[in-house]
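The values are calculated or read from the model by the stated rules, or taken from the named source; none is laboratory data. Keep in mind the model is a prediction, meaning the values are calculated, not measured. With ideal geometry, Cβ positions are generated from the backbone for all residues, glycine too; neighbour counts draw on all protein chains shown.
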Amino acid sequence: MIGPHPAPPSPGPIAASVSRLLSAPAEHGPGLAAHLAHFGPLPAPGDAGLIDPVTRAGLRGRGGAGFPTGRKIASVSAQLTGRRPTVVANGCEGEPISGKDHVLLELAPHLVFDGALAVAAALGAEEVLLCVHRGDPIVPSVRAAAAERAHDGRPVRVVEVPGRYAASEESALVNFVNTGTARPTAKPPRPFERGIDGRPTLIANVETLAHVALIARYGPDWFRSVGTADSPGTTLVTVGGGVAFPGVLEVALGTPLGTILELSGGPAEPVQALLVGGLGGGWLPFRRALDVRLDHAELRAAGAALGVAAILAVPAWVCGVTETARIATYLAGESARQCGPCMFGLPAVAGDLWALHDPREDPRTILRRLMRRLGLLPGRGACGHPDGFTRFVRGALDAFADDFRDHADGRPCPGSGHPWLSLPAAGDPTPAGWQ
């Protein structure tokens, strides 16, 4: 039955690092035997099945949107009309400032497979797919881990997806498996209605599925013993930028951002702002951000978004105008270029940001044009890429208001023109780049 299980990992206090997903001793390795020795086998589901305990646990997706996982599983279950569904574990980490999924798949791949196979059993799915980006160094080890699960009753297939920013969007994954092209598609139908091979398809982030495996073992009350009412449990968070020890931590949701920075050794140099939630997340001025907790509702109220759990500390010397223009150019170049906002709007906004960087016309004219274009982007794309892009740019205009004002007045800041954030090389803009 789903419920208490021997020796659950210690939850620890809310304001400190917590080991649940990463609780297995590293020296034992990621193999199946070591995994079972630490966590034990998955218990058979009881009369309540899997949907009820996952729903009561309040688990929200860890891939960006934060959608309730119990509702997502129930949505697929409601679509079953004779055709068996498919379960997809999404390990495509397209977010350049995040490394949490890579770390999880490296250290605890079998927790991910446990969760995916538990969901597959609950839904009657015949197959589990694990999607990772082509060329990711993690591919050989996850293939080896998948081979260890060959006797679990359902095949686990590893699918290598083009390494594009938008290729990890759920409809893009379905499109790639079905057609070989990893571009997002218009919705409806959504994957839970008609996905891979026309079947109802559940797509969940690998961390989300690892939490499902823990809920199946230890129950919803244990899961809720840390975190907040709105955002229970723990999460893996990538901390980077101007901190002493960049890397991936597991923390209780609800932990203040300042505490998370302290767990990463604190600022290594003066910091002016935090980018929270990845490149599609939101900016927070540094001092105002320290007491904000890592919680969906609290971050929304502060003007940011949890999104992918990543925190980037931007040093004070960095020119906000230069970095905003660089990142906007990268995001525009990573769009699928198949709908108006991405094909025309994102490059135009990036051009306006570069124009503000080195004004050759009245900055007020540039800013009015920029704001008009930003107002046309949200809600019009085949996927959420234009929405995240808009949130990122609007937040940057606020967080780096002094830098933008100085550039507009002909007084560029000292860091102007000096790139800081390392961004991936631009992908092939042709359709072949998505295959």
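Checking each residue in region 41-87 for being within 28 Å of the chain's Cα centre (by Cα) and on the phi > 0 side of the Ramachandran plot picks out 49, 58, 64, 66. Mind checking whether some residue in region 168-190 is touching a residue at least 40 places away in the same chain (Cβ under 8 Å), touching a helix residue (DSSP H, G or I) at 6+ places or on another chain (Cβ under 6 Å), β-branched (Val, Ile, Thr) and assigned to a loop (DSSP other than H, G, I, E, B)? Yes, that holds for at least one residue.
Kindly evaluate residue 70 against the criterion of being in the same structural domain as residue 120 (by TED's automatic domain parsing), touching an Asp or Glu at 6+ places or on another chain (Cβ under 8 Å), modelled with pLDDT of 95 or more and crowded, with 18+ Cβ neighbours inside 10 Å. The answer is yes for residue 70. When residue 40 is tested against the conditions (1) free of Cβ contacts under 8 Å to residues at least 12 places away in the same chain; (2) loosely packed, with under 15 Cβ neighbours inside 10 Å, the lone failure is (1). Flag not set for residue 202, criterion: in the same structural domain as residue 146 (by TED's automatic domain parsing) and assigned to a helix (DSSP H, G or I).
If you go through region 196-227 and pick out every residue that is among the polar types (S, T, N, Q), within 18 Å of residue 252 (Cβ to Cβ) and within 17 Å of the chain's Cα centre (by Cα), you end up with 1.
Name every residue in region 46-69 that is part of a helix (DSSP H, G or I) and in contact with a Pro (Cβ under 8 Å, 6 or more places away or on another chain), in order of residue number. Within region 46-69, 53, 54, 55, 56, 57 qualify. Restricting region 95-128 to residues that are assigned to a loop (DSSP other than H, G, I, E, B) and out of contact with any strand residue (DSSP E or B) (no Cβ under 7 Å at 6 or more places or on another chain), the residue that is nearest to residue 210 (Cα to Cα) is 108. Is it true that residue 216 is within 30 Å of residue 272 (Cα to Cα), assigned to a helix (DSSP H, G or I) and of a type in the set (Gly, Ala, Ser)? No: the conditions fail for residue 216. The set of residues from region 95-115 being crowded, with 23+ Cβ neighbours inside 10 Å, under 28 Å from residue 427 (Cβ atoms) and small (Gly, Ala, Ser) comprises just one member, 98. Within region 252-285, the set of residues being within 21 Å of residue 17 (Cα to Cα) and not aliphatic (A, V, I, L, M) comprises 254, 255, 256, 258, 259, 262, 264, 265, 266, 267, 277, 278. Residues in region 255-267: is at least one touching a Pro at 6+ places or on another chain (Cβ under 6 Å) and either of a type in the set (Phe, Trp, Tyr) or modelled with pLDDT of 95 or more (or both)? No: region 255-267 contains no residue that is touching a Pro at 6+ places or on another chain (Cβ under 6 Å) and either of a type in the set (Phe, Trp, Tyr) or modelled with pLDDT of 95 or more (or both). Scanning region 15-37 for residues that are under 30 Å from residue 256 (Cα atoms) and surrounded by 15 or more Cβ atoms within 10 Å (Cβ to Cβ) yields a count of 8. Within region 280-297, residues that are closer than 24 Å to residue 224 by Cα sit with their Cβ atoms under 7 Å from residues that are surrounded by fewer than 21 Cβ atoms within 10 Å (Cβ to Cβ) and acidic (Asp, Glu), at 6+ positions apart or across chains, in these pairs: 292/298; 295/230; 296/230; 297/230.
Restricting to region 400-411, name every residue that is part of a loop (DSSP other than H, G, I, E, B) and either surrounded by fewer than 18 Cβ atoms within 10 Å (Cβ to Cβ) or among the hydroxyl-bearing types (Ser, Thr, Tyr) (or both).
Selection gives 409, 410, 411.
Restricting 336, 297, 268 to residues that are in contact with a helix residue (DSSP H, G or I) (Cβ under 9 Å, 6 or more places away or on another chain) and either of a type outside the set (Val, Ile, Thr) or under 25 Å from residue 185 (Cβ atoms) (or both) narrows the list to 336. Name the residues in region 23-37 that are without any contact (Cβ under 8 Å) to a residue 24 or more places away in the chain and outside any helix (DSSP H, G or I), would you? 23, 25, 29 - these are the residues of region 23-37 that are without any contact (Cβ under 8 Å) to a residue 24 or more places away in the chain and outside any helix (DSSP H, G or I). Against the test of being over 21 Å from residue 106 (Cβ atoms), out of contact with any strand residue (DSSP E or B) (no Cβ under 6 Å at 6 or more places or on another chain), surrounded by 24 or more Cβ atoms within 10 Å (Cβ to Cβ) and in contact (Cβ under 8 Å) with a residue 24 or more places away in the chain, the options 259, 255 yield a single qualifying residue, 255. Within region 395-408, is there a residue that is touching a helix residue (DSSP H, G or I) at 6+ places or on another chain (Cβ under 8 Å), over 26 Å from residue 302 (Cβ atoms), at pLDDT 90 or above and not acidic (Asp, Glu)? There is no residue in region 395-408 that is touching a helix residue (DSSP H, G or I) at 6+ places or on another chain (Cβ under 8 Å), over 26 Å from residue 302 (Cβ atoms), at pLDDT 90 or above and not acidic (Asp, Glu). Within region 240-255, the set of residues being farther than 16 Å from residue 270 by Cα and part of a strand (DSSP E or B) comprises 247, 248, 249, 250, 251, 252. Selection of region 137-157 for residues being surrounded by 19 or more Cβ atoms within 10 Å (Cβ to Cβ) and not in a helix (DSSP H, G or I) yields 138, 149, 156.
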